[in-house]
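Since the structure comes first, as structure tokens, the remarks are kept for the end.
The values are calculated or read from the model by the stated rules, or taken from the named source; none is laboratory data. All figures in this text were calculated on a predicted structure; none of them were measured in a lab. We place every Cβ from the backbone using ideal geometry, glycine too, and count neighbours over all the protein chains shown.
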Amino acid sequence: MKKTLIILAVVVVLVLIVGGWIMGFYNAVIQKDQAITAAWAQVENQYQRRFDLIPNLVESVKGVLTQEQKVFGDLAEARTKYAGAQTVSDKVSAASSLESALGRLLVIMENYPQLKSSENVTNLMVQLEGTENRISVERQRFNEVTQSYNTYIKQFPNNTLAGMFGFAAKPYFEAAAGAETAPKVNLNLNQ
């Protein structure tokens, strides 16, 4: 009888230890997953700030740059694409399209001295530059928390439990293909 109670006590202690470990793992993964969600929300928050600034910048510049309607159309299309995006990958793709069009607009603006002297345009450019810096910081934070999560669920023995609970690796934010190349702008008005 005494031996049976000892065995039962050992089994109960083992079940409690394993159960506590599984519960701790599950809660840690949920916490890390929520950190990724929060980090992505901050990226989107900064994208929204950018999207709010761009129409003001475009309107301030539009009158002078009537021959650059394609850039304005590309900006509007990218904003619409982002608004309709459902997944993180779709949003990253739409944000990259916007960055490309915005880059072309900024290059064009550099070539118009009358725009540089406009206080409105200068103020919007400073705000946009600050927003771009914030976006960069938030993307970095997103990738950091994603790395922490991915590392945690890929380590042994966590990987076995991650598979049992259906936790999978999360994608990192990556720049779109061709983002390393500066946009080319043709300001030859005679074409």
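Values for this structure:
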quantity: Test: Phe167 is at pLDDT 90 or above and part of a helix (DSSP H, G or I); calculated: no
quantity: Of residues in region 71-112 being within 16 Å of Ile135 (Cβ to Cβ) and polar (S, T, N, Q), the one farthest from the chain's Cα centre (by Cα); calculated: Ser100
quantity: Qualifying positions in region 125-134 - touching a residue at least 12 places away in the same chain (Cβ under 8 Å) and over 18 Å from Arg104 (Cβ atoms); calculated: Gln127, Arg134
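To keep it simple, each residue is scored yes or no on (1) closer than 18 Å to Arg139 by Cβ; (2) loosely packed, with under 11 Cβ neighbours inside 10 Å; (3) among the polar types (S, T, N, Q); (4) modelled with pLDDT of 80 or more.
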site	(1), (2), (3), (4)
Leu8	no, yes, no, yes
Gly20	no, yes, no, yes
Ala35	yes, no, no, yes
Trp40	yes, no, no, yes
Gln46	yes, no, yes, yes
Lys70	no, yes, no, no
Asp74	no, no, no, no
Glu99	yes, no, no, no
